[in-house]
Amino acid sequence: MSATTDTLADAGHGHGHDVHHHGPAKGIRRWLTTTNHKDIGTMYLVFSLIMFLIGGSMALVVRAELFVPGMQLVDPGFFNTMTTVHALIMVFGAVMPATVGLGNWMIPLQIGAPDMALPRMNNFSFWLLVAAFSLLILSLFMPGGGPASGWTLYPPLVLQTGDALPLAIFAIHLAGASSIMGAINIIVTIMNMRAPGMTLLAMPMFVWTWLITAYLLIAVMPVFAGAVTMLLTDHFFGSTFFSAAGGGDPVLYQHIFWFFGHPEVYIMILPAFGIVSEIIPTFARKKLFGYDSMVYATASIAFLSFIVWAHHMFTVGMPLAGEMFFMLATMLIAVPTGVKVFNWTATMWKGSISFEPPMLFALAFLFLFTIGGFSGLMMAIVPVDFQYHDTYFIVAHFHYVLVPGAVFAIMGAVYYWLPKWTGHMYDMKLAKLHFWLSAIFVNVLFFPQHFLGLAGMPRRIPDYATQFADWNMVSSIGGFGFGLSQLLFVYLIWRCVRGGAPASAVVWDGARSHGLEWTVPSPAPYHTFDEPPTVRGGEMHS
Amino acid sequence: MKSPKRDLAGGVALLLAAAPAYAAWDLNLRVGVTPLSRDIYGLHMLILWVCVAIAVAVFAVMIYSVATFRHSKGATPANFDHSTLAEVIWTIVPVLILVFMAIPAARTLVAIEDSSGSELTVKVTGYQWKWQYEYVEHGVSFFSTLARRHDAARQLDSGVDPRTIDNYLLEVDNPLVVPQGVKIRVLVTAADVIHAWWVPDFGMKKDAIPGFINELWFTADKAGTYRGQCAELCGRDHGFMPVVVEVVPRAEFDAWLAARKTTE
């Protein structure tokens, strides 16, 4: 372990530790009414962890049913509910709130701002999220069962949902409103509250990726809200946006959905890119390679994300020209993504690497996200996508980019900044154990799904032909191994919050020159940067 | 990096007595029995190997870095943080590789979309949860549903071991019958929700969308029974509406069609 034992001497630069402020309110009111970015960040992260466990349990129901062929545990309808709600919870309840929580905590600390620009809205957007997911979970208990049409909510199937439909749609509306408010807050904060001297091209990569993500959110969440509102009117008010019988078109929904859905993919992964760009330089003890090209690559990926949506739906029957366009545009994404992977590799080249838990997660991200990138490139090729589409190959692909991709980056971020948040070092041995169990089981879980998909197993089926039995059993074993390993993560965080060896301000040996967050004491005081620090040009990004 | 994982995975499953007698550790796409499916398979393998080659190169550099430039070995960090030449190279080279992949892909795609010159048209309609097949030029049509024995076995806690049933969940009462070596145009639509008609050995999958008619074609040059499934989530029994196609010699098909016409 390389946490330094530096005193807080170099941490001071006089940003107001003599208490002019009142501290946090006492008891539950602190959390209900707080406008403090650190408290709200914490609430987002705890919320995300709870949702991760709930969504994960649903995935385990799916993997348990798929352990052997035949129906043993659940009704096929309930199976569909589990796949659907698992995805909705993981996307909107676990991954997105985790990155928002990290952004809330770290953006002000990284840009030298005292708080988020719009603190009351910050509080509101968190509590809206709680309301949203209460509605979604409530929808499971409605007559007719929970939403079971897949998280994409394609009509006409979704219109067969029972009383759960309006609940799920309002849940999406609330979660979307929450995301939009969060995004506005992040943009306003970054644009207006940077410390003097911190130009845009001097910002840490995490701040950059979040800025771009926030613009994506503002651009596409309203589109999604519009799509589900049309579902609502089709179902309750006799409109026929998505019904051919009334002059509509079910495929129209898919276009609108994926116009939201593809940028949504990058909303989940861009902050992860930012996190990895923070962690790797710290533990390679070397500046991030190609900072400028990292920024431009992130922006290019964000731009391309708006013109590739139809690659999610090549089988709907598109004109040849459409298929060509979306194939070529999609393949182009490999270029900026490649630049990022190469830059991270070049950052490690001739560095001085140590392997603390955050770095282990960042390294696993680098390898496993790249595998997900390759399968993504394969799926861009329309003729072969006609075979891959809606099979387990797709399931394997997007889980590779989302679990050892986004989720591992988030876990890496938690291990990176947890000492800064709590003021305690955590148990390194236990964290490494958590890493190795997760990294091994995630591959046992998802790698065989490539084989299943290629061999012809469709996704979203509760039972399967016997030739798929073996890899399904392996995958389920990996699933339970991965799921149970996460209990270690929860235990470890709990223990770190309760106590542990005191962490220094710099925390990590290599963090000395990286970012303003390491100039404040650990734990970060309730109020930081009352007076803005001065940043000398170009120094703060890693 | 596949094989150690495969060994590990295989070992775990064997430990748990995963009925090795039924083992089918399929890893790859099927070559299939149509010219298109073979093209698609070739394309798949081409891209796969390109990806594997890039992965080997990139992962080798990553592994070398992680193994060599270690703090614990006393490595001192270098000071460079960009190299315009390197960045230009690793932007341009991927573009060239992509062009190399896009050309054969575009060629195959054009062939896939050319359904002209077909000799037989079959209209496929998806229902929750069965298929209807209609020989448009011959006025023959029938439904195709999961075979009863399979349907009984797949009920919750049926007590039937799926391994005792041949082609579990991939058997129907009335399969689609088509002639061998003939270009067949399939019109795909649906009556209720969206389904997708898919036979992996034909290389083709198309969504069946209520109110719209999609098109695909195949020429199966080998007689036999080919099995697939509905590929678009269509509700509770989405997993239980298989597609079974019997490809038979021309004469046999004509006889079958004639017999079918008299029973209609």
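The values are calculated or read from the model by the stated rules, or taken from the named source; none is laboratory data. Note that this is a predicted model, so its numbers are computed, not measured. Heads up, the Cβs are rebuilt from the backbone with ideal geometry, glycines too, and the neighbour counts pull from every protein chain shown. Please note that ligands, DNA and RNA were not included when accessible areas were found on the heavy atoms of the full protein model with its side chains. Shrake-Rupley method; radii C 1.70, N 1.55, O 1.52, S 1.80 Å.
Going by what's in this entry, would residue A:270 be described as assigned to a helix (DSSP H, G or I), facing another protein chain (nearest Cβ under 9 Å) and either out of contact with any Ser or Thr (no Cβ under 9 Å at 6 or more places or on another chain) or crowded, with 21+ Cβ neighbours inside 10 Å (or both)?
No, not satisfied.
Test each condition in (1) part of a loop (DSSP other than H, G, I, E, B); (2) open to solvent by 20 Å² or more (accessible area, probe 1.4 Å) for residue B:256 and report the one that comes out false.
(1)
Residues to consider are A:241, A:289; find the one that is of a type in the set (Phe, Trp, Tyr) and open to solvent by 40 Å² or more (accessible area, probe 1.4 Å).
Within the list A:241, A:289, the selection yields A:241.
Consider residue B:122 against the criteria (1) modelled with pLDDT of 95 or more; (2) part of a loop (DSSP other than H, G, I, E, B): it satisfies all of them except one. Which criterion is unmet?
Of (1) modelled with pLDDT of 95 or more; (2) part of a loop (DSSP other than H, G, I, E, B), only one is false for residue B:122: (2).
Pairs only if they're at least six apart or on different chains, beta carbon under 6 angstrom, first in the stretch A:139-167 and at negative phi and small (Gly, Ala, Ser), second assigned to a helix (DSSP H, G or I) and open to solvent by 30 Å² or more (accessible area, probe 1.4 Å); list them, first residue then second.
A:139/A:167; A:146/A:140
Filter the stretch A:432-448 for residues that are within 15 Å of residue A:412 (Cα to Cα), open to solvent by 20 Å² or more (accessible area, probe 1.4 Å) and not aliphatic (A, V, I, L, M) and give the result.
Correct list: A:432, A:436.
Among the candidates A:60, A:73, which residue alone is in a helix (DSSP H, G or I) and under 24 Å from residue A:481 (Cα atoms)?
Residue meeting the stated conditions: A:60.
Please work out which residue is nearest to the other protein chains (Cβ to nearest Cβ), limiting yourself to the stretch B:215-242 and to residues that are surrounded by 24 or more Cβ atoms within 10 Å (Cβ to Cβ) and touching a Phe, Trp or Tyr at 6+ places or on another chain (Cβ under 6 Å).
B:231
List the number of the failed condition for residue A:87; all other conditions in (1) within 30 Å of residue A:37 (Cα to Cα); (2) under 21 Å from the mean Cα position of the chain (by Cα); (3) more than 14 Å from chain B (Cβ to nearest Cβ); (4) of a type outside the set (Phe, Trp, Tyr) hold.
(3)
Cβ-Cβ below 9 Å, separation at least six or inter-chain, first residue in the stretch A:211-227 and at negative phi, second of a type in the set (D, E, K, R) and buried (at least 17 other Cβ atoms within 10 Å of the Cβ): which pairs?
A:216/A:264; A:217/A:264; A:220/A:264; A:221/A:264; A:224/A:264
Taking only the stretch B:20-71 into account, find how many residues are more than 7 Å from chain A (Cβ to nearest Cβ), in contact (Cβ under 8 Å) with a residue 60 or more places away in the chain and of a type in the set (A, V, I, L, M).
So the answer is 2.
Residues of the stretch B:148-175 being surrounded by fewer than 20 Cβ atoms within 10 Å (Cβ to Cβ), part of a loop (DSSP other than H, G, I, E, B), more than 7 Å from every other protein chain (Cβ to nearest Cβ) and among the hydrophobic types (A, V, I, L, M, F, W, C), which ones?
Across the stretch B:148-175, the qualifying residue is only B:160.
Against the conditions (1) facing chain A (nearest Cβ under 7 Å); (2) surrounded by fewer than 23 Cβ atoms within 10 Å (Cβ to Cβ); (3) in contact with a Leu (Cβ under 7 Å, 6 or more places away or on another chain), where does residue B:206 fall short? Just the number, please.
Result: residue B:206 fails condition (2) only.
Scan the stretch A:305-319 and report the pairs whose first residue is at pLDDT 95 or above and whose second residue is open to solvent by 30 Å² or more (accessible area, probe 1.4 Å), with Cβ atoms within less than 6 Å and a gap of 6+ or a chain change.
Every condition considered, the pairs that remain are A:309/A:259.
For the condition touching a Ser or Thr at 6+ places or on another chain (Cβ under 9 Å) and open to solvent by less than 10 Å² (accessible area, probe 1.4 Å), what is the one hit in A:118, A:88, A:129?
From the options A:118, A:88, A:129, the qualifying one is A:129.
List pairs: first in the stretch A:183-201 and farther than 17 Å from residue A:534 by Cα, second open to solvent by 60 Å² or more (accessible area, probe 1.4 Å) and among the aromatic types (Phe, Trp, Tyr), Cβ under 8 Å, 6+ apart or cross-chain?
Note: pairs meeting the criteria are A:183/A:215; A:187/A:215.
Of the conditions (1) facing chain B (nearest Cβ under 10 Å); (2) assigned to a loop (DSSP other than H, G, I, E, B), residue A:241 fails just one. Which one is it?
Result: residue A:241 passes all but (1).
Run residue B:27 past the list (1) in a helix (DSSP H, G or I); (2) at pLDDT below 95; (3) open to solvent by 30 Å² or more (accessible area, probe 1.4 Å) and report the number of the one that doesn't hold.
Among (1) in a helix (DSSP H, G or I); (2) at pLDDT below 95; (3) open to solvent by 30 Å² or more (accessible area, probe 1.4 Å), the lone unmet condition for residue B:27 is (1).
Consider the stretch A:432-470. How many of its residues are charged (D, E, K, R) and not in a helix (DSSP H, G or I)?
3
For the subset of the stretch A:146-183 comprising residues that are within 18 Å of the chain's Cα centre (by Cα) and of a type outside the set (Gly, Ala, Ser), which member is surrounded by the most Cβ atoms within 10 Å (Cβ to Cβ)?
A:172
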